[in-house]
Amino acid sequence: MDYDTLLPVIKNNDTDSVVVRLAGDSGDGIQLMGSQFAVTTALSGSDFATFPDYPAEIRAPVGTTYGVSAYQINLGGGPITTAGDAPDVLVAFNPAALKVSLPLIRKGALIIVNSGAFTPRNLTKAGYESDPRDEGGLGDYQLVSADISHLNLEAVRAFGLSKSESGRCKNFYALGMLLWMFEHETGAIEEWI
């Protein structure tokens, strides 16, 4: 894989690797999403190292910082020996995931947030007094706000799933976004599903 063809915003100019961090509630399927992204990374011929980051409290209330689960992967064309220090890309499924992960990522990193989860209630549960997307606190980053929750519901509507069942697919919607960004093939994931 030629990392020079990736989105310029995620290219770390002093290295030939990209560090990606996926973060959300413990029940969001973050570990599954991360492990499947690692599979596609291996199949693409890239070297990688991973770090699953489990929440402080497994049964923490949904949307709180204590229940944030994360998965970090460092991938590149040359030998990779660590999961990376400061992520270049963050996928945050909710405000709590953003709050926990923000101090870890490098300035200029690409942040993809599930805008559908940035409700007043979820912002309060995460400890925010206002939406960090509006107050300018993310000015040092490249922000992509996508309503992953809604887009996912629309994508699976044809399968006749309940709203609850449909909601459990949002990690695969986000995985699809990453596969597209990194030009990874989807065949192995489709077969696994």
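The values are calculated or read from the model by the stated rules, or taken from the named source; none is laboratory data. Keep in mind the model is a prediction, meaning the values are calculated, not measured. Cβ sites come from the backbone with ideal geometry, for glycine too, and all protein chains shown count toward neighbours.
So which of A155, A70 is among the small types (G, A, S), within 20 Å of G176 (Cβ to Cβ), at pLDDT below 95 and crowded, with 21+ Cβ neighbours inside 10 Å?
Working: A155 fails: crowded, with 21+ Cβ neighbours inside 10 Å.
Answer to the check: A70.
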#### Entry: Positions within the range 108-149 being under 18 Å from G63 (Cα atoms) and in a loop (DSSP other than H, G, I, E, B), in sequence order
F118, T119, A126, G127, Y128, E129, S130, D131, P132, R133, D147
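Looking at the range 85-102, is at least one residue of a type in the set (A, V, I, L, M, F, W, C), closer than 18 Å to S26 by Cα and part of a loop (DSSP other than H, G, I, E, B)? If you could, list the steps in order and put the result at the bottom.
Going through the range 85-102, the residues of a type in the set (A, V, I, L, M, F, W, C) turn out to be 86, 89-93, 96-98, 100, 102.
From what is left, the residues that are closer than 18 Å to S26 by Cα are 90-93, 96-98, 100, 102.
From what is left, the residues that are part of a loop (DSSP other than H, G, I, E, B) are 93.
Yes, some residue in the range 85-102 is of a type in the set (A, V, I, L, M, F, W, C), closer than 18 Å to S26 by Cα and part of a loop (DSSP other than H, G, I, E, B).
If you take the residues of the range 158-192 that are of a type outside the set (D, E, K, R) and at pLDDT below 85, which of them is farthest from R21 (Cα to Cα)?
Applying the first criterion (of a type outside the set (D, E, K, R)) to the range 158-192 yields 158-162, 164, 166-167, 169, 171-182, 184, 186-189, 192.
Then keep just the ones that are at pLDDT below 85; that gives 164, 166-167, 169.
Details: S164: 25, S166: 24, G167: 21, C169: 19 Å.
Top of the filtered list is S164.
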## Note on the structure
Checked the range 73-97 for anything among the charged types (D, E, K, R) and either buried (at least 19 other Cβ atoms within 10 Å of the Cβ) or under 11 Å from the mean Cα position of the chain (by Cα) (or both); matches are D88
### Query
So which residues in the range 98-132 are surrounded by fewer than 17 Cβ atoms within 10 Å (Cβ to Cβ) and of a type in the set (D, E, K, R)?
R106, K107, R121, E129, D131
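Only one residue in N152, N122, N114 is polar (S, T, N, Q) and touching a Cys at 6+ places or on another chain (Cβ under 8 Å). Which one?
Details: N122 fails: touching a Cys at 6+ places or on another chain (Cβ under 8 Å); N114 fails: touching a Cys at 6+ places or on another chain (Cβ under 8 Å).
Exactly one of N152, N122, N114 is polar (S, T, N, Q) and touching a Cys at 6+ places or on another chain (Cβ under 8 Å), namely N152.
Only one of G63, G27 is buried (at least 16 other Cβ atoms within 10 Å of the Cβ), at pLDDT below 85, out of contact with any His (no Cβ under 7 Å at 6 or more places or on another chain) and not in a strand (DSSP E or B). Can you tell me which? Show your work before the answer.
On the way: G27 fails: buried (at least 16 other Cβ atoms within 10 Å of the Cβ).
Testing whether each residue is buried (at least 16 other Cβ atoms within 10 Å of the Cβ), at pLDDT below 85, out of contact with any His (no Cβ under 7 Å at 6 or more places or on another chain) and not in a strand (DSSP E or B) leaves just G63.
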### Query
Are there any pairs with C-beta distances below 6 angstrom linking a residue in the range 71-89 that is among the polar types (S, T, N, Q) to a residue that is at pLDDT 95 or above and surrounded by 19 or more Cβ atoms within 10 Å (Cβ to Cβ), with the two at least 6 apart or on different chains, and if so which?
Q72/R21
### Query
Out of all the residues in the range 150-158, is one or more without any contact (Cβ under 8 Å) to a residue 12 or more places away in the chain and either part of a loop (DSSP other than H, G, I, E, B) or basic (K, R) (or both)?
yes
